[in-house]
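The values are calculated or read from the model by the stated rules, or taken from the named source; none is laboratory data. Only a predicted model underlies this, so the values are computations on that prediction, with no experimental measurement involved. Please note: Cβ atoms are built from the backbone with ideal geometry, for glycine as well, and neighbour counts cover all protein chains shown. The protein model used for the area step is the full one, side chains on, heavy atoms only, and it has no ligands, DNA or RNA in it. Shrake-Rupley method; radii C 1.70, N 1.55, O 1.52, S 1.80 Å.
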Amino acid sequence: EKGGYPHFMLKEIHEQPKALVNTLSPRMVDGIPDFGIKALSDDILKSFKRIYIVACGTAMHAGMVGKAAIEHLVRIPVEVDVASEFRYRNPILSKEDDLVIIISQSGETADTLAALRLAKDQGVHTLAIVNVVGSSIAREANSVLYTWAGPEIAVASTKAYSVQVAMMYLFAIQLAHVKEMISVDQTKILCAELMEIPQLVERVLETADNCQFYASKFQNAHDIFFIGRGLDYALSLEGSLKLKEISYIHSDAHPAGELKHGTISLITEEMPVIAVATQTALMEKMVSNIKEVITRGAKVLLLCKTGQDEMDQLTDYVIELPKCNDFFTPLLAVVPLQLFAYYTAVLRGCDVDKPRNLAKSVTVE
Ligand code: M6R
């Protein structure tokens, strides 16, 4: 049942290209996204002026990439909230202008379901992005977009994250298209680039040996920090959650520019740092943040795109990603972060698929 892999998590990491193709292909008609949802006609889509994305854990991290994608292409404000905060903060919702997107792999997470009900009760349109067919969230939402990752068994979410992120991109492109924020040609170019991603993920999976080697270098750390900016910060949160969840190494993710506002006092030679730096526009700033931590003795593992000479020279520990549009790099960059967490947990002798204190589906509040 593990298809020859030692753990479900590793199997599911390797299933990502297929999961992405299965999720994206059926929604592409003549090179343009088409969700085929009656309740979400172009006219209804056009009417939304603000979006809330509500989820927990990894699904919330996928929502953070969604926020960046929608705000970049559609230029409407998007708020991302953890469900357990959203439902108790009396959120300001407008049934005329707002869309609430609920993201959940299982479709059964108690806080996420409660957040969905709260939004629905106020008459706001709810769109669920769910992996499990017929789950509570899928049944109750006004509209549903299924991700087609197939069953995810490992407690640590991997392929479900990738397809949630892919769906967020597709949604952002579709919304920008119907609101005429991008031309038909631009829409087709973005879709074509997105459809290339599964093949590129195959190539990133080839960095597995490298990830295993770096895991062996970092496996005895007590704490590890992740730093990044923009989309790379959203990814850093996901990389950090994956690592702490299965390896039990304490880790935190920080926006790289925030280090000097407190956290940098913790940087010593005992504190390895994983720097995610895939965004060309933020490269210069990241180089200086990386130098700041290296000066204080930190060992840095750098995740960047291939051909970044200035970056490569900063550290001996580098994982390179193939070239692609910066906008889509989260779908590539998450893979080495998953593999690094996986191999670190294996080397530390942890129960990778069933980490302590955790359940696959959190149906209690
Ligand atoms: O089933 P859901 O997507 O609603 O689950 C949400 C979180 O509980 C889940 O993503 C959790 O954070 C994972 N164990 C992280 O790997």
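Taken over the C-alpha atoms, segment 154-201 has Rg and Dmax values of 12.9, 41 angstrom. Between helix 110-121 and the chain there is an angle of about 30 degrees, using the helix long axis and the longest principal axis of the Cα atoms. Computed over protein heavy atoms with a 1.4 Å probe, the accessible surface of segment 201-285 works out to 42 Å² per residue. Is the shape of segment 244-319 rounded, prolate or oblate, going by the alpha carbon gyration tensor and its root eigenvalues a ≥ b ≥ c, with a/c under 1.5 for rounded and a/b larger than b/c for prolate? Note, shape of segment 244-319 comes out prolate.
Relative to the compact-globule estimate of 2.2 N^0.38 Å, the Cα radius of gyration of segment 1-86 comes out at 1.40.
Cα convex hull, segment 50-189: 99 Å³ per residue, rounded to a whole number.
Taking amide hydrogens as placed 1.01 Å from N in the peptide plane, the amide H of residue 319 sits under 5 Å from those of 302, 303, 304, each at least 5 positions away in sequence or on another chain.
At q = 0.24, 0.26 Å⁻¹, what log₁₀ I(q)/I(0) does a Debye calculation on the Cα points of segment 289-365 give, no solvent, two decimals? The calculated log intensity ratios at q = 0.24, 0.26 Å⁻¹ are -1.11, -1.18. Taking every alpha-carbon pair under 8 Å whose residues sit at least 6 apart, the chain reaches a relative contact order of 20 percent. Prolate is the label for segment 225-365. Its Cα gyration tensor axes, ordered a ≥ b ≥ c, give a/c of at least 1.5 and a/b above b/c.
Annotation: the antiparallel percentage among DSSP beta bridges lying fully within the chain is about 5. Available extension along the chain between residue 269 and residue 90 is 60.0 nm, counting 0.36 nm per residue and deducting the alpha carbon span.
Shown for the chain: the carbon plus sulfur share of the solvent-accessible area, taken with all protein chains present and a 1.4 angstrom probe, equals 50%. Charge dipole (Cα centre; +1 on Lys/Arg Cβ, -1 on Asp/Glu Cβ; no other charges) of segment 303-365 amounts to roughly 400 debye.
For segment 45-84, a crude dipole built from +1 on the beta carbon of Lys and Arg and -1 on the beta carbon of Asp and Glu, taken about the Cα centre, is about 220 debye to the nearest 20.
Exposure check, 1.4 Å probe, all protein chains in place: residue 117 carries approximately 110 Å² of accessible surface. Normalised per residue, the accessible area of segment 120-160 is 34 Å², obtained with a 1.4 Å probe and no contribution from ligands, DNA or RNA. Pull out a ≥ b ≥ c, the square roots of the eigenvalues of the alpha-carbon gyration tensor of segment 65-127, then state rounded if a/c is under 1.5, prolate if not and a/b is larger than b/c, and oblate in the remaining case. Verdict is oblate for segment 65-127.
Here segment 144-297 is treated as an ellipsoid with the same Cα gyration tensor; its semi-axes, largest first and in whole Å, are 32, 21, 14. With the dipole of segment 107-246 worked out from charges on the C-beta (+1 for Lys and Arg, -1 for Asp and Glu) around the Cα centre, which of 119, 204, 228 lies farthest toward the positive end? Positive-end residue among those listed: 119. Dipole check for segment 289-328: with +1 at the C-beta of Lys and Arg, -1 at the C-beta of Asp and Glu, and the Cα centre as origin, the magnitude is about 160 Debye.
Seen from all directions on average, the chain presents a Cα convex hull projection of 17.4 nm².
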